[in-house]
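Engineer: Please see the structure below; I have some questions.
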Amino acid sequence: KNEVEQSPQNLTAQEGEFITINCSYSVGISALHWLQQHPGGGIVSLFMLSSGKKKHGRLIATINIQEKHSSLHITASHPRDSAVYICAVQFPIDQFYFGTGTSLTVIP
Amino acid sequence: DGGITQSPKYLFRKEGQNVTLSCEQNLNHDAMYWYRQDPGQGLRLIYYSQIVNDFQKGDIAEGYSVSREKKESFPLTVTSAQKNPTAFYLCASRNRGLGQPQHFGDGTRLSIL
């Protein structure tokens with residue numbers, strides 16, 4: 001069974017704090033994606049990782065293929081970062097499996 | 001601007017009715033997907049299509065049907081056989097191939113009257 005687990009489920013931070021969201025998966029994958037879902041429901045793709053680390057602005061994503069684990073970091077968090085962050089794993093058959101999401105609230 | 005358009009944003013259905021959710025993309029993507037999102041659960045795959053006139057069932061296809069007559073369009077019909085249709089439905093598309101990200105629509109929220 002393809003399991004994707006995220007932690008924490010909910011996270012509240014003060015503006016400026018460093019934030020880490022974790023994702024673990026149970027079987028080998030082709031790639032891992034981090035997504036952001038805003039309150040209106042729309043989803044935006046943040047990163048695609050197959051190895052190593054990627055950075056975009058204040059967001060950093062890492063993956064350890066051997067440990068089947070990925071982290072999403074947000075530096076200098078801001079209230080506009082408040083959203084649900086979703087980890088999704090991709091398999092060669094073009095299918096994706098999704099974690100349940102981490103709901104982040106950043107307080108000014 | 002290229003993107004995916006889902007309509008309507010909110011949809012209400014009476015018991016026993018079939019309803020169709022629209023998904024249109026102008027990104028020239030081959031693959032299209034329908035997901036269902038329920039509170040506390042990850043997105044679950046209903047159907048996906050990798051090419052025109054072909055589609056495959058996902059994990060929760062029962063009570064749903066799709067068609068893919070055009071590359072741009074992948075409508076989802078929620079039939080009366082779907083006993084618990086109240087949910088948020090998301091459509092996505094992508095270029096086929098390793099690592100290609102999915103592009104998502106803004107979703108349709110379906111409720112039962």
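Engineer: Just to confirm the filter: which trypsin sites (Lys or Arg not before Pro) across region B:19-113 are DSSP coil and have at most 12 other Cβ within 10 angstrom of their Cβ?
Structural biologist: Passing both the DSSP loop test and the Cβ count: B:Lys83, B:Arg96.
Engineer: For region A:45-108, with only Lys/Arg (+1) and Asp/Glu (-1) charged at the beta-carbon, what is the dipole magnitude about the Cα centre, in debye rounded to 20?
Structural biologist: Magnitude of the dipole: close to 220 debye.
Engineer: Would you mind telling me the share, in percent, of accessible area of region A:54-102 contributed by carbon and sulfur at probe 1.4 angstrom?
Structural biologist: Whole-percent figure for carbon plus sulfur exposure: 57.
Engineer: So, one more: Ignoring ligands, DNA and RNA, what accessible area per residue does region A:1-105 give at 1.4 Å, in Å²?
Structural biologist: Solvent-accessible surface per residue comes out at 46 Å².
Engineer: Give the lysines whose C-alpha is closer than 25 Å to that of A:Lys54, dropping any in the same chain fewer than 8 places away, or say none.
Structural biologist: Answer for A:Lys54, where 25 Å is the Cα cut-off: A:Lys68, listed by chain and number.
Engineer: Hey, in the GNM for chain A with a 10 angstrom Cα cutoff, which one of A:Gln90, A:Gln66, A:Gln36 fluctuates hardest?
Structural biologist: Maximum among the listed residues: A:Gln66.
Engineer: What's the total accessible area buried between chains A and B, using a 1.4 Å probe, rounded to the nearest 100 Å²?
Structural biologist: Buried area (both sides, nearest 100 Å²): 1700 Å².
Engineer: Separate question: So how many Å³ per residue does the convex hull of the Cα atoms of chain A work out to?
Structural biologist: Residue-normalised Cα hull volume stands at 92 Å³.
Engineer: To continue, here is another question. As an exercise, identify the trypsin sites (Lys or Arg not before Pro) in region A:1-103 lying in DSSP coil whose Cβ has no more than 14 other Cβ atoms within 10 Å.
Structural biologist: Filter output for region A:1-103: A:Lys1, A:Arg58.
Engineer: With a 1.4 Å probe and every protein chain left in place, tell me how much accessible area A:His73 has, in Å² to the nearest 10.
Structural biologist: Using a 1.4 Å probe on the heavy atoms, I get roughly 40 Å².
Engineer: May I pose another question? Just which residues of region A:23-71 lose 50 Å² or more accessible area with every protein chain there, against their chain alone, with the probe set to 1.4 Å?
Structural biologist: For region A:23-71, once contacts with the other chains are taken into account, A:Ile43 lose 50 Å² or more.
Engineer: Can you tell me the dipole magnitude for chain B around its Cα centre, using point charges on the Cβ only (Lys, Arg +1; Asp, Glu -1), in Debye to the nearest 20?
Structural biologist: 180
Engineer: For B:His29, A:His38, give the ranking by accessible area with the largest first, probe 1.4 Å.
Structural biologist: A:His38, B:His29
Engineer: Let me ask another. About the Cα centre of the protein assembly as shown, how large is the charge dipole given +1 on each Lys and Arg Cβ and -1 on each Asp and Glu Cβ? Please answer in debye to the nearest 20.
Structural biologist: Magnitude of the dipole: close to 100 debye.
The values are calculated or read from the model by the stated rules, or taken from the named source; none is laboratory data. Only a predicted model underlies this, so the values are computations on that prediction, with no experimental measurement involved. Cβ coordinates were reconstructed from backbone atoms using ideal geometry, including for glycine residues, and neighbour counts include every protein chain displayed. Protein only, heavy atoms only, side chains kept; ligands, DNA and RNA dropped before computing areas. Shrake-Rupley method; radii C 1.70, N 1.55, O 1.52, S 1.80 Å.
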